[in-house]
1. At R0 = 41 Å, how high is the FRET efficiency between residue 33 and residue 107 if r is their beta carbon distance? Nearest 0.05 is fine.
2. Using θ = phi - 60° and the Karplus relation 6.51 cos²θ - 1.76 cosθ + 1.60, list the HN-Hα couplings for the stretch 215-231 in order, rounded to whole Hz, with x at every Gly or Pro.
3. Return the lysines within reach of residue 63: Cα separation strictly under 17 angstrom, same-chain partners fewer than 8 residues apart disregarded; answer none if there are no such residues.
4. Return the sequence-ordered ³J(HN,Hα) values of the stretch 253-262 in whole Hz as given by the Karplus equation 6.51 cos²θ - 1.76 cosθ + 1.60 applied to θ = phi - 60°, using x for Gly and Pro.
5. Calculate the FRET efficiency for residue 65 and residue 19 from the Cβ-Cβ distance with a Förster distance of 35 Å, rounded to the nearest 0.05.
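Every read-out reported here was derived from the displayed coordinates using simple, explicitly stated rules and does not represent laboratory data. The structure displayed is predicted, hence computed values, not measured ones. Here the Cβ positions follow ideal geometry from the backbone for every residue, glycine too, while neighbour counts run over all protein chains shown.
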Amino acid sequence: MRIRRLLYCLPLVLLTSCESVQTTQGGAVGVNRSQYMVSALSSAEVDKMAAASYQEMLTEARKEKLLNTDAAMLRRLRRIADELVKEVDHFRPDASQWAWEVNLIKSDALNASCMPGGKILFYTGIVEKLQLTDDEIAQIMGHEIAHALREHGREAVSRAYTTQMGTQVIGSLLGLGDGARQAADMAVQYGLTLPNSRSNETEADLIGLELAARAGYNPEAAVTLWQKMGAASQGQPPAFLSTHPSHGGRIDTLRNTIPKVRPLYDAAK
């Protein structure tokens, strides 16, 4: 009972070092969740750390002769990025002034990312193996850009910090041994961390859907994209224990949201 009572109070303990922020406007898709960030961790600091990490990745790829080896694919990605970045001010006006950058690494990995501050990285495998159309690339890139606009990286760092602080509080107040502390870790992780991470993924899906539609990319491509991803990643863990929604749940959410952005797509064509 003592652990249960403390877990009920844990969110209040964690939020004492955080502040509520609104990183983006809600857009047509209505992403309006309040976010909690560690007060001492600024956006500029996270952007600086991300830029340094990004440059390290590029340096390593360049050293291995894997960076930007497919000129045609790189031009294709940069063209799509240019169109999407023109639309970011609908969610976050200051983002149009970020130092946006797009690079390509030769790898079989089905992966892409956009680091805080607008540093986009694609791997050739995701384009080649899934045989992506421009519309489908726009959905992936919009999704990754949305993570940066919403500062999900900063939010994840804040969440990791408060999670660690929370388990330390539980242990010190209750005098927990290693086994009980591991149970507390699990309670914090699955009760706080993973649900928020899944919500971040859904937010990125929805904002990415709208960015792509505003840029003139067919929103129906979000469905075909995740159908391809689902076929390529069989054996994934259950959605409840994953930081990503299940492919089926993700597709349902996107299908239900497409009518909200279709007028934007029609206007952009």
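1. 0.80
2. 7, x, 9, 4, x, 4, 5, 4, 5, 5, 4, 6, 5, 5, 5, x, 5
3. 106
4. Calculated HN-Hα couplings, in order: 4, 5, 4, 5, 9, 3, x, 6, 9, 4 Hz.
5. With R0 = 35 Å, the Cβ-Cβ based efficiency is 0.20.
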